[in-house]
Every structure is written in C-alpha cells, then in structure tokens.
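Here the structure comes first, spelled out in structure tokens, and everything after it is commentary.
Any read-out appearing in this document is the output of simple, stated calculations on the displayed coordinates, not a laboratory observation. What you see is a predicted model; the values in this text were computed from it and never measured. Methodologically, a virtual Cβ is constructed for each residue, glycine included, from the backbone with ideal geometry; neighbour enumeration extends over all protein chains shown.
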Amino acid sequence: MTFTWTSHRFSGGALALDVANSVVLRFDAERRIDRYTDPVVLDTFAVAATRYCADRDLFGPLEPVVPQNRTVFLNLREATDRHFRAEALGHPSSEHLADLLDAASTIIRRYPISATPTPLDVATARSALVLATSSEPERLKICPNCQWLFLDRSRNRSRTWCDMTVCGNRAKASRHYQRQKKELTQ
C-alpha cells in the first residue's frame, strides 16, 4: 500500500506536534503504525511539511533528515510526544521537559544556525522549543478520537478534534449510528 502525506496529517498546529503524530494509534500495540519506519515516507514528510504544516513560514523549505541523524530525530519525536502529552493531560514533568531539551539540543548542535534549506530535524527541534515556551499551554489538547496532539487556536478554545473533517465526522457518525442502533432495539 502506498502512503501519501495529506493536509489532515498536519493538523497538529505545530511542526513538532505533526512529527509526534507520525505514530498512528500510538497506544494500541496491535494496530500501531509508525509512519517513519519506511525511510521513503520519512523523506517525503519534509516536502509535505513544507506544504501543509501550520508553522511552515517559520522554517521555509525543509529538507529530509540525513540517514545518520534519524535515530536522534526519532528520539526527539518520542521526547516531544511524552512531554506535550503530559502537559495536555495536566501532568507536567520536569523529567519529560529535560528529555525534550536534551533531544532538541543534540540536534541543534549538529547544524549551523543558518542552514538552508532547513533540515527537518532542526526545524522540529525549534518548533518543540517554541511550543515548550508557549504562554498558553491550555491550548494544547489531545484528540479524543485518534489521540493526536494538537493546538487549539480557536478564539474561545473550544476545539475538540484534531481535524473536524476526519475525527469530528467520525465521532458524529458514530454517535448517529449508536442512536439508530438504540432506537432499533427499543
């Protein structure tokens, strides 16, 4: 099966969250899919992020992670997920923050500040640092459908789903199905 990055895959609102969300069904061992296990898919992520990522203007064109830096990049992805998931759940952890800062600094040390185009791993580290210093941590949420992390940038902070057209519609369809099923059994 061929995989294509679409705008839905970039509904996190920040590059660091979109990278963390590259693991689908993260907590379901039987159905978990790590999109980055295929090096081609990982390489095409940089091109897709340049096109779809919400904070793409901060980094400009992105280039793929070089093969020798992929392990460090994946460590950053996991540290990003752990830290921001704990934050979204209201359980901030100094240990998770320290892991995120260590992973980000390991990547940033490998490149000159003016690297152009920006390597994906550097842009992700910078995105995570910007997000970690955000003055509005209450905007960080977890989608109740897919468990992806996302930033709620709605004016009244009432957004529920990472993407209304995918997860929101699935939830609405499920509620409709349950109502119909209940009516048939009564």
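For the reader, a short list of remarks on this structure follows.
- Helix axis angle, 39-52 relative to the chain longest principal axis, alpha carbon, degrees: 80 degrees
- Coil-residue GluC sites (Glu not before Pro) of the stretch 1-93, DSSP, other Cβ within 10 Å capped at 13: Glu30
- Extension gain, Ala29 to Leu129, is 33.1 nm, computed as 0.36 nm per intervening residue step minus the present C-alpha separation.
- For the chain, the longest piece that avoids every one of the chymotrypsin sites (Phe, Trp or Tyr not before Pro) found in DSSP loops with at most 15 other C-beta atoms within 10 Å covers 28-186.
- All-pairs alpha carbon distance profile, the chain, 5 Å steps from 0, percent: 1, 8, 16, 20, 20, 15, 9, 5, 3, 2, 1, 1, 0, 0
- Extension gain, Val66 to Ser105: 0.36 nm times the residue separation minus the Cα-Cα distance gives 12.3 nm.
- From helices alone, the chain scores -14500 deg cm²/dmol at 222 nm; the rule is -39500 (n - 2.57) for each run of n ≥ 4 DSSP H residues, then divide by the residue total.
- Computed about its Cα centre, the charge dipole of the chain is approximately 820 debye, with only Lys, Arg, Asp and Glu carrying charge at their Cβ.
- Degrees between helix 169-185 axis and first principal axis of the chain (Cα, 0 to 90, nearest 10): 20 degrees
- Counting only Cβ charges, +1 for Lys and Arg and -1 for Asp and Glu, the dipole size of the stretch 13-75 around its Cα centre is about 80 debye.
- For the chain, the longest principal axis of the C-alpha atoms and the axis of helix 120-132 are separated by about 70°.
- Charge sum, other residues only, whose C-beta stays under 12 Å from Glu63's C-beta, Lys/Arg counted +1 and Asp/Glu -1: -2
- Comparing mean-square fluctuations of Asp55, Asp28, Asp18 from a GNM of the chain with C-alpha springs under 10 Å, the top value falls on Asp28.
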